[in-house]
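The values are calculated or read from the model by the stated rules, or taken from the named source; none is laboratory data. All values reported here derive from a predicted model rather than from experimental measurement. No Cβ is skipped: glycine too gets one built from the backbone with ideal geometry, and neighbour counts run over all protein chains shown.
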There are 4 protein chains.
Amino acid sequence: MALGVGVIGTGFMGKTHALAWRNVKAVLGGILEGAPTPELRMLCETPLGKAQAMADQFGFAAATDDWQALVNDPAIDVVSITTPNGLHHPMAMAAIAAGKHVWCEKPMALTLAQAEEMADAARARGVVTMVGYNYIKNPAFTHAQRLIETGAIGRVVQFRGWVDEDYQADPDLPWSWRAKLADAGLGALGDIGTHLVSMAHGVMGPIASLIADMQTIHETRPLPDGTGRGLVENEDAASVVLRFANGAQGSMVISRSAWGRKSRLGFEVHGTKGMIVFDQERMNELQLYQNDGPKAEQGFKTILTGPAHAPYGEFCPAPGHQLGFNDLKVIECAALLQGIAGKDTSHPNFDDALRIERVIHAIADSARNGGTRVHL
Amino acid sequence: MALGVGVIGTGFMGKTHALAWRNVKAVLGGILEGAPTPELRMLCETPLGKAQAMADQFGFAAATDDWQALVNDPAIDVVSITTPNGLHHPMAMAAIAAGKHVWCEKPMALTLAQAEEMADAARARGVVTMVGYNYIKNPAFTHAQRLIETGAIGRVVQFRGWVDEDYQADPDLPWSWRAKLADAGLGALGDIGTHLVSMAHGVMGPIASLIADMQTIHETRPLPDGTGRGLVENEDAASVVLRFANGAQGSMVISRSAWGRKSRLGFEVHGTKGMIVFDQERMNELQLYQNDGPKAEQGFKTILTGPAHAPYGEFCPAPGHQLGFNDLKVIECAALLQGIAGKDTSHPNFDDALRIERVIHAIADSARNGGTRVHL
Amino acid sequence: MALGVGVIGTGFMGKTHALAWRNVKAVLGGILEGAPTPELRMLCETPLGKAQAMADQFGFAAATDDWQALVNDPAIDVVSITTPNGLHHPMAMAAIAAGKHVWCEKPMALTLAQAEEMADAARARGVVTMVGYNYIKNPAFTHAQRLIETGAIGRVVQFRGWVDEDYQADPDLPWSWRAKLADAGLGALGDIGTHLVSMAHGVMGPIASLIADMQTIHETRPLPDGTGRGLVENEDAASVVLRFANGAQGSMVISRSAWGRKSRLGFEVHGTKGMIVFDQERMNELQLYQNDGPKAEQGFKTILTGPAHAPYGEFCPAPGHQLGFNDLKVIECAALLQGIAGKDTSHPNFDDALRIERVIHAIADSARNGGTRVHL
Amino acid sequence: MALGVGVIGTGFMGKTHALAWRNVKAVLGGILEGAPTPELRMLCETPLGKAQAMADQFGFAAATDDWQALVNDPAIDVVSITTPNGLHHPMAMAAIAAGKHVWCEKPMALTLAQAEEMADAARARGVVTMVGYNYIKNPAFTHAQRLIETGAIGRVVQFRGWVDEDYQADPDLPWSWRAKLADAGLGALGDIGTHLVSMAHGVMGPIASLIADMQTIHETRPLPDGTGRGLVENEDAASVVLRFANGAQGSMVISRSAWGRKSRLGFEVHGTKGMIVFDQERMNELQLYQNDGPKAEQGFKTILTGPAHAPYGEFCPAPGHQLGFNDLKVIECAALLQGIAGKDTSHPNFDDALRIERVIHAIADSARNGGTRVHL
């Protein structure tokens, strides 16, 4: 059975979606029994010439510069939305209205109200959704989840999360739409903080309440046209103290202005019997400490992912040979594909992702109110 | 000129003080011009037999089981206080009253009022004081300070601190005096959180305000006599969001129940031109990222301490050969010794340390009030 | 212009070739101007049912169980050979005879004579060849080459190479064809030592002479049919001391029985101004030490690969997001593709790879003769 | 019982000996039952003024500039020899003739014949000897030995050793006595290669044969008086392939011109059930991989040394708090002290160290003969 795929956007994320659709069956076909076969039917970009060139490069049958045409085309069964954040909401709403399944990049929307509307619409229309929290598809991460679920580190009692990059660290970087609330919404919280919340949810479950602070490190930036300096309206960094529903305490630190950090996204989970540590900058490694055996031989183990951590083996039968970032998107695509085939695999869907959005907006609310506690 | 040394206590810290007094001149004599020569005159421990045995082992001329005799002995010029926390206050007050210089282990006291009293008394009496924040004597740490002061990472904008150990991680560990507020005062905050605050102050300057949460992970512990379970009255862990006086934001996470962490005490300082990272578990290393040179060759440098980082060279003229924990105490002792000789080197003294105590009590206050902001 | 692709084999390497052919244009199309467009025309595997299933999964138009039919099919322009080592020679010779370009996995053949014959034939027939030394396609590796070429570490004086895996570490692993000289040829030297030599050549140039030792760690292994134990006829490990044509000295250590090592393939290059270190188990990192700037700030830099290290940016515009093993094969495929389009990019070709084979056979010769020096 | 200590030399090693004698009882007194109490009686240095100053700093009762007076003084029971290598032989011979116990720095002597003479003399006279191989006193190292002895990694099959520093890496470093065969003897082999051999012996037992190569990287160096360039007569680097008496194979690489390496001295031991890795630049860590438990949780453990690794606990009761280089010398001193008290603890003594010297001279012999095999 064929599945008609339409992708909107050809930038960073657009390319990863296109590659994932292109590869999901070739890589993971062995474990996708019953899933439909994606066909790359339409790619949307502007201007049209670029759309055509990229469609040719990525292997799409058709190109368009009109996203509404794409979402309404009867040949399209599922729509990838990889445009700037402000466009997620109208595109997703249109796609859902047209009865299409939706794979949307994160954050879902600029405002919580928009995200809620998207989740409601998807639920009402019964389409399958997926939001692009690719990092939690890493076999190292899902193995961490399995370890926690099976009690390998006992009762979980603390979470420490961090996500740092340096794409806004340079004070001389020109002002851009990313700095504008109306276009970008939240800053570091939306861009990367959401990923960290997806991890926190994945290993700890829901957050009950939080207190937080935010900071705009570079308050103005030079305007690209040389006419002066523009205001940075959203946060470069945030720090959060958490209480989880399971009683554990936790913290999160977030910065888009952290020199030297390129994809520093990770966490520690402290348990009563051990600890697990993960960091995306070494995404093929998982650290595990367990309080067992002689004290003289206790230590953190560095586990290299391999075929023992499914679905790594579908990419490569040899351990330690490393998956890459784009491979995570293939795993994500497979979860959506199986979801479309009727399995309960397409997570985080719009409902799950809405819970992530609630957290980052709660962080922003707490921070704007001087650090008062917000309950979720 | 001789300096009569008396040490109270022969446990973990007592031994480090004894060794430091014994070695400070032998190791650092080349850079201690004008400092007095310590003479190990009296060691106090109970019972007396143990005091005598340890005095023999450590090389003290006399032993006693009466700390008041020690602090009042005219042959004693300086008193090391390394007993359990609850005794710091009476001993320090008596030593100050007797006009003795005081080297006291941290935390200063069980309560803030006691610590204030100690600082007031020392200031009034004009004695030289030092509190045992040995980690900030590490040449790696002082080099980090120098780098920050000279602008190597630009304006500092974020601090991330952590201190984790696992000495209270085991749920089956018996109840002890450490769990009792009246005997131990604060828990993880006092034991190890204080060290982290000493580092934060050292690289960032004063903290302006904070919001915090605490957690007692193991709420009861088996009583050693097998009669049931005793209540753990103080915190195993805390998480803090900070604002510094210099405008930077920060965070601290603290746990004495973090499996696998043995002496995990460190920080990141984010600047507008780079980042510095340090961790005590690799105490001879400093990580430095600077945004200069070609992008393709930027990365975190792992600097191994050596003679370029004074006073490392007094211990060993070869770089990378490693200092150890006990060496830090020797450096601390030298700072006190030079202080006694009239230089302004004996820091953190009681005034400095009081500022550290204020922070941990502020953390506890904020946490007890649900995370409300406390101004310092 | 279309390029008819035939792939023989669907195992570990067969899948990587299939994926690379499938993706090379989609990923790297932006930098492949003038290169033909691969079309996945035929996949060969046995039995035919498996060939058909895998052709469907990987997206090949046709399937066969007859490799000679594939190499002689006029629709096929280039043949990927990913079968067990003993089949490389007949398949490559047939493909060359049919005028097809050849992408062959390493090692080229079981014997040096076969490898020479293959190189001679390819040269005579004028076809473009590529041998699967994918690790040297890593942007981290090619950046190391660039650093060395531009003098970043001065004159190179020492090479230290290692390649260790543990796929033959378990003493209880059953005997297989890998242990048989007639089927597998050399052991660890052929499987993984060749990769190390490809790196040595890449950063140091030709090897002039060597002395070596080999070792069969597990001399027999249980026969799979339970009838006793079979002899392991080839080496599990080797150690080599090298002299390079440029006057530098070096060493290589190689083991397929090194517990815990999954893809440990790396090297140090020592220069008169600095050092470079790389290891495939952290394939997105490069270590660089340079003797410049203040001593107190010297250290090894950990460089995370990113868009500054082409062609990383074609996979992902964000630094530190990580390439994976399969991505290396895509870069390799692109070099072949541009070679077919007439550029001098298809390296290591059969001539280059023959030089690698000469080295591993020289190692075996030296070792068999008690460590006598062999000149290359 | 008092033990009269005389130390010759006050440089790098002289200071470490002085500090070790000063501290051994204070630190390790709790586990030195029956050992004599060292008294720091005489320090020898030239000129006399420096001897007196250093004796005052280190706490010696007397100073001299006449080493013969020291070794013959009846108040001296044990002599520490820490002078340049060429003086070890005459001083040790005189001390032994005078019936004194000897603690000598490594290498023992400039030539093998001298070392043999020293070992013969010590054996004949019945004095206790110790040679300064401090790195093998590290609790991390002795724990590695214990793990191997108790079968934690099965049968040992491979040794990989390395020792690299950069004290001769700079091409512009002036010529010194270190470059002269007559004064320094061997180069990197004697200085640091000996340490590596001490480790190899400690974990693998005796070496049966070897093949090797050496290299003088910087063949001349500027004369300090500016009159031209002086010849470097000994090796900067060496590479060795080993066979051990137990049948295992191995390798060693050695360089004093390896930029960035400050105290890189370590090894891998491969066993049939696991692997152990150690490196002195992280001297408080031991890496252990064991093939047990689920594949998905296997990995190298990073063990931080602590009280579980005696005698760490005598320095510090808290794990992970780190020993330093000078602490190793204290442990070495204790082994000598217990040897003097009649226990079989003073190793490596002159006989043990002679076996180390034989190996480095065998390396030099093999290298001078083009890499021919030398049997030991």
Search the stretch B:55-67 for residues that are within 23 Å of D:Trp21 (Cβ to Cβ) and among the acidic types (Asp, Glu) and pair each with any residue that is at pLDDT below 95 and in a loop (DSSP other than H, G, I, E, B) when their beta-carbon atoms are under 9 Å apart and the residues are at least 6 apart or on different chains. none
Can you tell me which residue is farthest from the other protein chains (Cβ to nearest Cβ) among those in the stretch A:315-341 that are free of Cβ contacts under 8 Å to residues at least 40 places away in the same chain and surrounded by fewer than 20 Cβ atoms within 10 Å (Cβ to Cβ)? A:Ala318
Which residue pairs have Cβ atoms under 7 Å apart, sit 6 or more places apart or on different chains, and have a first residue in the stretch A:1-14 that is at negative phi and a second that is part of a strand (DSSP E or B) and of a type in the set (D, E, K, R)? A:Ala2/A:Glu39; A:Leu3/A:Glu39; A:Gly4/A:Glu39; A:Gly4/A:Arg41; A:Val5/A:Glu39; A:Val5/A:Arg41; A:Gly6/A:Arg41
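Residue-by-condition table, conditions (1) surrounded by fewer than 23 Cβ atoms within 10 Å (Cβ to Cβ); (2) outside any strand (DSSP E or B):
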{"residue": "A:Ser257", "(1), (2)": "no, yes"}
{"residue": "A:Ile276", "(1), (2)": "no, no"}
{"residue": "A:Ala296", "(1), (2)": "yes, yes"}
{"residue": "A:Pro307", "(1), (2)": "yes, yes"}
{"residue": "A:Gly313", "(1), (2)": "yes, yes"}
Failed condition for A:Thr345, given (1) assigned to a helix (DSSP H, G or I); (2) away from every other protein chain (no Cβ under 14 Å): (1)
Residue match in the stretch A:35-44 (condition: in contact with a strand residue (DSSP E or B) (Cβ under 8 Å, 6 or more places away or on another chain), more than 29 Å from A:Ser198 (Cα to Cα), within 14 Å of another protein chain (Cβ to nearest Cβ) and surrounded by fewer than 24 Cβ atoms within 10 Å (Cβ to Cβ)): yes
Any idea which of (1) surrounded by 17 or more Cβ atoms within 10 Å (Cβ to Cβ); (2) more than 21 Å from A:Ile276 (Cβ to Cβ) is the one B:Asp236 doesn't satisfy? (2)
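Here's the yes/no breakdown for (1) in contact with a Cys (Cβ under 6 Å, 6 or more places away or on another chain); (2) at pLDDT below 95; (3) over 22 Å from A:Thr16 (Cα atoms):
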residue	(1), (2), (3)
A:Gln287	no, no, yes
A:Gly320	no, no, yes
A:Phe325	yes, no, no
A:Val330	no, no, no
A:Ile340	no, no, no
A:Asn349	no, no, no
A:Val359	no, no, yes
A:Thr372	no, no, yes
A:His375	no, no, yes
Mind counting the residues in the stretch A:290-313 that are farther than 16 Å from D:Pro294 by Cβ and either of a type outside the set (D, E, K, R) or in contact (Cβ under 8 Å) with a residue 60 or more places away in the chain (or both)? 7
Filtering the stretch D:278-294 down to residues that are over 16 Å from D:His143 (Cα atoms) and either away from chain C (no Cβ under 11 Å) or assigned to a loop (DSSP other than H, G, I, E, B) (or both) yields D:Asn291, D:Asp292, D:Gly293, D:Pro294
Cβ-Cβ below 7 Å, separation at least six or inter-chain, first residue in the stretch B:228-247 and over 22 Å from B:Ala208 (Cα atoms) and modelled with pLDDT of 95 or more, second among the basic types (Lys, Arg) and surrounded by fewer than 24 Cβ atoms within 10 Å (Cβ to Cβ): which pairs? B:Arg229/B:Arg221; B:Gly230/B:Arg221; B:Val232/B:Arg221; B:Glu233/B:Lys180
Output the number of residues of the stretch B:223-257 satisfying the condition of being within 17 Å of B:Ala179 (Cβ to Cβ) and aliphatic (A, V, I, L, M). 6
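Quick grid of which residues meet (1) surrounded by 22 or more Cβ atoms within 10 Å (Cβ to Cβ); (2) within 14 Å of chain D (Cβ to nearest Cβ); (3) touching a helix residue (DSSP H, G or I) at 6+ places or on another chain (Cβ under 7 Å); (4) modelled with pLDDT of 95 or more:
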| residue | (1), (2), (3), (4) |
| --- | --- |
| C:Leu87 | no, no, no, yes |
| C:Glu105 | yes, no, yes, yes |
| C:Met108 | yes, no, yes, yes |
| C:Asn138 | yes, no, yes, yes |
| C:His143 | yes, no, yes, yes |
| C:Gly151 | no, yes, no, yes |
Select from the stretch D:4-34 the residues that are surrounded by fewer than 16 Cβ atoms within 10 Å (Cβ to Cβ) and among the hydrophobic types (A, V, I, L, M, F, W, C) and write down the one among them that is modelled with the highest pLDDT. D:Phe12
For residues that are part of a loop (DSSP other than H, G, I, E, B) and over 20 Å from the mean Cα position of the chain (by Cα), scanning just the stretch B:259-274, find the one that is farthest from the other protein chains (Cβ to nearest Cβ). B:Lys273
Unique match (being on the phi < 0 side of the Ramachandran plot, free of Cβ contacts under 8 Å to residues at least 12 places away in the same chain and β-branched (Val, Ile, Thr)) among B:Thr150, B:Thr111, B:Thr142, B:Thr129: B:Thr150
Considering residues of the stretch C:208-231 that are out of contact with any Gly (no Cβ under 8 Å at 6 or more places or on another chain) and of a type in the set (A, V, I, L, M) only, the residue farthest from the other protein chains (Cβ to nearest Cβ): C:Leu231
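Residue by residue, here is whether (1) closer than 24 Å to B:Ala248 by Cβ; (2) touching a residue at least 24 places away in the same chain (Cβ under 8 Å); (3) buried (at least 24 other Cβ atoms within 10 Å of the Cβ); (4) of a type in the set (A, V, I, L, M, F, W, C) holds:
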| position | (1), (2), (3), (4) |
| --- | --- |
| B:Asp172 | no, yes, no, no |
| B:Trp175 | no, yes, no, yes |
| B:Leu181 | no, yes, no, yes |
| B:Ala184 | no, yes, no, yes |
| B:Leu189 | yes, yes, yes, yes |
| B:Leu196 | yes, yes, yes, yes |
| B:Met199 | yes, yes, yes, yes |
| B:Pro206 | yes, yes, no, no |
| B:Ala212 | yes, yes, yes, yes |
All strands (runs of 3 or more DSSP E) inside the stretch D:156-244 with 1 or more residues being under 21 Å from the mean Cα position of the chain (by Cα) and of a type outside the set (Lys, Arg): D:156-164, D:207-215, D:237-244
Over the stretch B:246-255, the set of residues of a type in the set (A, V, I, L, M, F, W, C) and in a strand (DSSP E or B) is B:Met252, B:Val253, B:Ile254
Contacts under 9 angstrom Cβ, first residue in the stretch A:342-371 being under 19 Å from A:Ala92 (Cα atoms), partner among the basic types (Lys, Arg) and in a loop (DSSP other than H, G, I, E, B), 6 or more apart: A:Pro348/A:Lys106; A:Ala353/A:Lys106; A:Ile356/A:Lys106; A:Glu357/A:Lys106
